[in-house]
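Enquirer: Let me begin by handing over the structure; questions about it come next.
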Amino acid sequence: MQDNQTYDGIKNTVTPALLERLKQIRHVALDMDGTIYNGSTLFPYTPGFLASLKAAGIGYSFLTNNPSKNTNDYLKHLEKMGIPAVREEMYTSALATIDYLKSHYPDVRKLFILGTPSMIAEFEANGFVSTADDANDVPDALVVGFDTTLAYSRLCRASWWASQKLPYIATNPDWVCPTDQKVILVDCGSICACIEGATKRLPDMVIGKPDPRMLDGILHRYQLEPSAIAMVGDRLYTDVKMAVNANALGVLVLSGEATMDDVAQSDVTADVIAENVAKFGALLLAAQSN
């Protein structure tokens with residue numbers, strides 16, 4: 001049997017069993033912020049990594065917990081960065097929330113949405129009606145997301161609807177959003193904590209990673225088993241935990257939020273820990289070439 005091996009930029013031991021798992025990978029699900037770019041800065045190795053996957057016949061999709069941009073906005077954002085992509089390659093927590101509502105609350109149409117105009121447009125494009133910041137415009141359910149346009153009055157209104165026992169869905173659990181700026185971007189989890197402080201109520205469901213349903217779109221679209229997918233991201237508690245929950249390969253990159261200190265303190269174990277996606281890509285292609 002082949003001995004355990006070390007690879008450049010890989011922080012954990014590569015065992016023969018791991019190499020066998022890597023040989024099965026046919027699709028890579030990629031987190032975005034902190035994984036392929038940071039804020040408005042594209043990592044220089046990202047285009048080469050994506051090109052190497054395509055050349056090897058390995059598909060990829062962009063999977064993000066950040067619902068603040070809708071699918072069209074993300075495609076434009078990626079194109080501006082020099083990464084061409086199509087709608088089928090994007091799946092956001094907003095789309096996962098829409099799928100969840102349609103499946104579990106088929107009669108819900110009117111929503112009070114605490115989110116950006118771009119996120120609200122995604123819901124409206126999928127048949128939902130966004131209610132106004134008005135006590136007389138009663139929604140069927142409350143949806144809270146990562147709202148970079150957050151207004152105090154709307155936060156208060158969302159808290160009111162949460163207190164009225166309406167179905168309450170959060171798009172993602174993230175506390176902060178990665179950024180290359182000297183600022184902390186308060187994300188959906190922190191906004192929900194504010195609502196909890198005011199109402200003592202948690203969301204009924206938190207969509208987005210680590211919920212394994214975030215992979216369903218890819219599994220169905222490409223007719224794949226979870227073992228054929230590698231989930232790559234910069235967070236243990238969302239990206240890697242989702243991979244564990246879905247029985248996919250969990251890959252942690254150290255280009256965003258997580259550090260090796262986090263790895264040591266976490267009860268979530270990544271199958272691969274790499275400096276960045278390029279280092280993981282080299283390992284993946286090496287395994288598949290043997």
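The values are calculated or read from the model by the stated rules, or taken from the named source; none is laboratory data. Predicted model, so just to flag it, every value in this text is computed and none were measured. Here the Cβ is made from the backbone with ideal geometry for all residues, glycine too, and neighbour counts use every protein chain on show.
Okay, residues lined up against (1) modelled with pLDDT under 95; (2) among the charged types (D, E, K, R); (3) surrounded by fewer than 18 Cβ atoms within 10 Å (Cβ to Cβ); (4) within 16 Å of Asp8 (Cα to Cα):
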residue: Arg235; (1), (2), (3), (4): yes, yes, no, no
residue: Lys241; (1), (2), (3), (4): no, yes, no, no
residue: Ala246; (1), (2), (3), (4): no, no, no, no
residue: Glu257; (1), (2), (3), (4): yes, yes, no, no
residue: Ala264; (1), (2), (3), (4): no, no, yes, no
residue: Thr269; (1), (2), (3), (4): no, no, yes, no
residue: Val272; (1), (2), (3), (4): no, no, no, yes
residue: Asn276; (1), (2), (3), (4): no, no, no, yes
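Enquirer: Okay, next question. Let me spell it out: the conditions are (1) under 15 Å from Val251 (Cβ atoms); (2) within 14 Å of the chain's Cα centre (by Cα); (3) of a type in the set (Val, Ile, Thr), and Ile58 meets all of them except one. Which number is the exception?
Expert: Failing condition for Ile58: (2).
Enquirer: It is to be established whether one or more residues within the stretch 98-120 are exposed (fewer than 15 other Cβ atoms within 10 Å of the Cβ) and within 30 Å of Ala282 (Cβ to Cβ).
Expert: no
Enquirer: Anything in the stretch 85-134 that is under 17 Å from the mean Cα position of the chain (by Cα) and closer than 18 Å to Pro203 by Cα? List them, or say none.
Expert: Listed by number, the residues that qualify are Ser93, Ala94, Leu95, Ala96, Thr97, Ile98, Asp99, Tyr100, Gly115.
Enquirer: Looking only at the stretch 74-97, how many residues end up being farther than 15 Å from Ala29 by Cα and either buried (at least 17 other Cβ atoms within 10 Å of the Cβ) or in contact with a strand residue (DSSP E or B) (Cβ under 8 Å, 6 or more places away or on another chain) (or both)?
Expert: 9
Enquirer: Here is a further query. Kindly check whether there is at least one residue in the stretch 152-161 that is modelled with pLDDT of 95 or more and part of a loop (DSSP other than H, G, I, E, B).
Expert: Checked the stretch 152-161: no residue is modelled with pLDDT of 95 or more and part of a loop (DSSP other than H, G, I, E, B).
Enquirer: Would you say Leu284 is crowded, with 16+ Cβ neighbours inside 10 Å, more than 25 Å from Pro67 (Cβ to Cβ) and not assigned by TED's automatic domain parsing to the domain that holds Gly145?
Expert: yes
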